[in-house]
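S.K.: I'd like to ask you about the structure that follows.
The values are calculated or read from the model by the stated rules, or taken from the named source; none is laboratory data. Please read all numbers here as calculations on a predicted model, not as lab measurements. Ligands, DNA and RNA are excluded from the accessible area calculation, which covers all protein heavy atoms including side chains. Shrake-Rupley method; radii C 1.70, N 1.55, O 1.52, S 1.80 Å.
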Amino acid sequence: MPYFTRLILLLFCLTALVESRKPKRRRSTGQLEMTKPSHLYKKNLDMTKIRKGKPQPLLRVEDHDFSMRPAFGGPAIPVGVDVQVESLDSISEVDMDFTMTLYLRHYWKDERLAFPSTSNKSMTFDGRLVKKIWVPDVFFVHSKRSFIHDTTTDNIMLRVFPDGHVLYSMRITVTAMCNMDFSHFPLDSQTCSLELESYAYTDEDLMLYWKNGDESLKTDEKISLSQFLIQKFHTTSRLAFYSSTGWYNRLYINFTLRRHIFFFLLQTYFPATLMVMLSWVSFWIDRRAVPARVSLGITTVLTMSTIITGVNASMPRVSYIKAVDIYLWVSFVFVFLSVLEYAAVNYLTTFPCMSGMLPSRTMMLDGSYSESEANSLAGYPRSHILTEEERQDKIVVHVALSNESNSSRKKGFLKGHVGLRIFQNTHAIDKYSRLIFPASYIFFNLIYWSVFS
């Protein structure tokens, strides 16, 4: 029995061995599935995706101390700079500053970044490498605000050449101070400067210079401002001294702006001139129309005050006189004098000069009086009768009464005879004002525009 059991087990093992060597069929197609030799059908692998150990970087950043400048202990490292102005965004007279967007590029050589290359092609990196190597510490002198654009990523580019030359570029918007002189405002020209300088390295360690001279500054031809005409961009350089740290190389981007005058002609000069001319209308209004002349004078004075206030509200509070102040205040004086002119006319018409006259009564007669009525006035001589043209104006009749004729009413009058003096109204002041005021204002304008334009 044990022999028989061993025989059965042997047969079973042989059967299983035979079945395992037979070709297998796929269930879906019924085809035979052959085993492919591995050395014939081996897949070609991408060698660029296979890393054999630790990779060897071309830039040996970890092998050097980049906290020190290149050639430390030797001569000053030259750093060339060029700038491309993208836009001049705004000029603020109140804050005395300007905002500019530009591309700032630095050029220097750092042999620590040299790498072997058969094609002599450069490598370009983004801002992540900047934090690992040495870069110039250039900043903007007298800047109020500045930032590097970061949409959609930091606008920083680093390009390294095989011999170690480096190009470092970034896109910056900076708001810097501009000392403006408003003595000729708004007929003025302003010169502003954007100054670049190394923050830590003196001229003994870092030599900052314009890479291509005046060609280092490039501007977009489409740059324009609403209030200014950009006349000139140019570059300069000089040394700046600080008593505690020493001498530094400083680069200047200078640009000259000339203000457009047309806006101020429409908003300031024309309204002021029209108000002055409107005040002259009162010289042609009947002096008996007191409400009309007074209202016209007060209205022009208040309007001039509003114009002056509006102009000064958009300007810095400087302690010197501007050109527009001269024009507006002279115009204000002309308007005010027109009001005083009517005050003088009205006063002299009602209360004429009394010197050399006896105390008198004043009678107002209009132009409707007759010749006989005028001659009946207390022996008034015929020679003083006014002509028909002069009768169209009011006259003031002063009748001097002696002490004897009105002793019952007033006492203390000097003894004398009943006298009569007729004074023609001061309408002549209006006639002279019609010529003097316009002529004086035209003369002032000729001098003003010849001096400031």
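S.K.: In whole percent, and with a 1.4 Å probe on the protein chains, what portion of the accessible area of region 278-320 is carbon and sulfur?
M.R.: Roughly 67 percent, rounded to a whole number.
S.K.: Round to a whole number: what % of the accessible area of region 91-233 belongs to carbon and sulfur, probe 1.4 Å?
M.R.: 47 percent
S.K.: Holding the Cα-Cα limit at 21 Å, pick out from K109/K211; K109/K218; K109/K232 the pairs that are longer than that.
M.R.: Values: K109/K211 13 Å; K109/K218 23 Å; K109/K232 32 Å.
Pairs exceeding the cut-off: K109/K218; K109/K232.
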